[in-house]
Amino acid sequence: MGNAHNTKQSNKLSLTSPALPRGSDVWANASPSGLSAAKLPFGGKSSNCIGSKVSSGSAGSSVRPEPGGESRANLIVELREARVSKGWSRKVMAKHVGVSPQTITRLEKGVGTVSTLVAVMDSTNFMLTGLSAGKTLFEKLRNTRIKHEKSLENLVRRTGLSHTAILDLENGAGSVEDLLRLLAALAPRARRQAPARAYWALGQKEDRDSRFTPPDFMDNIYKAFGEIDLDPCAHELSPVLARRKILASRGGDGLSQTWSGRLAFVNPPYSCALQWLRRAHEQWSAGHVDTVVCLVPVRTDSAFFHEVLSLDADIFFLKGRVKFLKPDGTAQQTPFSLMVLTLGANAEQRARYAQLAAGFWSLRRQPNDTDL
């Protein structure tokens, strides 16, 4: 399900078996890198918790860990680890978010705006548990305060923040320092949601994310949508046929290079599928490609899916499981459901695919659609 090393990650596949037919995608994911406790901002130890209190909400404030802060770990540390685990440098992260590398450097020292922090969280698919439900982090903060019956006055006393600073955070503004102080007081058990495993079983860590789209599956794609002009996350062993392939093994990077052509087929590394969906939507919206067909897991929990893709994408939910090819040429069934997400597909293409594949289409919703 995805093409190897398109995010310039460090894993190298051991491919000793005969080569598969030429083509595209293979899953890939860099191994997470730990950080030395001596280098952690706010003096926390690396784990899955948020914590540590700072002395003020200003950008230049010094750090004052609150009691028990070390045992709670640190949002900033986890955020940095999320970037490192994807194999991204600060420069690459900055490009994804649309800020300067210096801004990312400051953020990873706990200095910056919550708007930048949220953009980085979205880019790395970094989600928190331990907060009340809500569409955004800020809505979750407000709902958590209301659920636990915490008054603004109570939080002012506990955090040292002003009423205005707390309300700013609940409305999507404010500083990272203020956010950390509020989280430490309001949701001390909030944690980073554990990332989904990038491999299928414990014995497969050596070739995690390394699966190729099977030729029989691709035959239906060709018949329904036509010849593929671009495979932006290609791999030399994949059977996907495309006029142009962006190969990481040859220095290519589909997450930064401009796409082109009538039809792009995207079967990305599933460990970072959301980043590839963002890129696909970006390139399609800019008019660089007419149609994009993506083969991805059925994951519909992200804000990006609800707020963007649901309005622009037509989705075919596949019935049953797809058998992908491993680097040794053998097949393996996916342990999760898949969907074919399309941008710019027309009614004729959708009708042809429905005749060829088992499943059903869910068409994009209208902006004025409301829940019944």
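So the values come out like this:
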item: In the range 231-263, the residues that are assigned to a strand (DSSP E or B) and either of a type outside the set (A, V, I, L, M, F, W, C) or touching a Pro at 6+ places or on another chain (Cβ under 6 Å) (or both); result: 231, 232, 233, 244, 245, 246, 261, 262
item: The range 275-295 residues that are more than 13 Å from residue 341 (Cα to Cα), paired with ones that are among the basic types (Lys, Arg) and open to solvent by 30 Å² or more (accessible area, probe 1.4 Å) (beta carbon under 9 Å, 6 or more apart); result: 289/262; 290/262
item: Which listed residue is among the acidic types (Asp, Glu), within 18 Å of the chain's Cα centre (by Cα) and surrounded by fewer than 21 Cβ atoms within 10 Å (Cβ to Cβ), from 301, 314; result: 301
item: Selection from the range 69-85 of residues that are open to solvent by less than 30 Å² (accessible area, probe 1.4 Å) and either in contact with a strand residue (DSSP E or B) (Cβ under 8 Å, 6 or more places away or on another chain) or modelled with pLDDT under 75 (or both); result: 69, 73, 74, 75, 78, 82
item: Residue list for the range 332-346, restricted to those being open to solvent by less than 10 Å² (accessible area, probe 1.4 Å) and either modelled with pLDDT of 90 or more or small (Gly, Ala, Ser) (or both); result: 338, 339, 340, 341, 342, 343, 345
item: Residue that is farthest from the chain's Cα centre (by Cα), among those in the range 131-155 that are touching a residue at least 40 places away in the same chain (Cβ under 8 Å) and under 16 Å from residue 181 (Cβ atoms); result: 145
item: Scope the range 214-264; condition within 13 Å of residue 283 (Cβ to Cβ), of a type in the set (A, V, I, L, M, F, W, C), touching a residue at least 40 places away in the same chain (Cβ under 8 Å) and open to solvent by less than 10 Å² (accessible area, probe 1.4 Å); matching residues; result: 230, 233, 246
item: Cβ pairs under 6 Å, 6+ apart, first in the range 300-324 and farther than 19 Å from residue 279 by Cβ, second open to solvent by less than 20 Å² (accessible area, probe 1.4 Å) and at pLDDT 95 or above; result: 316/340; 317/339
item: Residue in the range 159-182 that is surrounded by the fewest Cβ atoms within 10 Å (Cβ to Cβ), counting only those that are in contact with a Lys or Arg (Cβ under 8 Å, 6 or more places away or on another chain) and either farther than 22 Å from residue 74 by Cβ or among the charged types (D, E, K, R) (or both); result: 170
item: Filter pass, residue 264 being at pLDDT 95 or above, within 24 Å of residue 323 (Cα to Cα) and of a type in the set (Gly, Ala, Ser); result: yes
item: Output for the range 265-295, where each listed residue is open to solvent by less than 10 Å² (accessible area, probe 1.4 Å) and assigned to a loop (DSSP other than H, G, I, E, B); result: 267, 268, 269
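The values are calculated or read from the model by the stated rules, or taken from the named source; none is laboratory data. Everything numeric here is computed off the predicted structure, so don't read it as measured data. FYI the Cβ positions are ideal-geometry reconstructions off the backbone, even for glycines, and counts take in every protein chain you see. Calculation scope for accessible area: heavy atoms of the full protein, side chains included, ligands and nucleic acids excluded. Shrake-Rupley method; radii C 1.70, N 1.55, O 1.52, S 1.80 Å.
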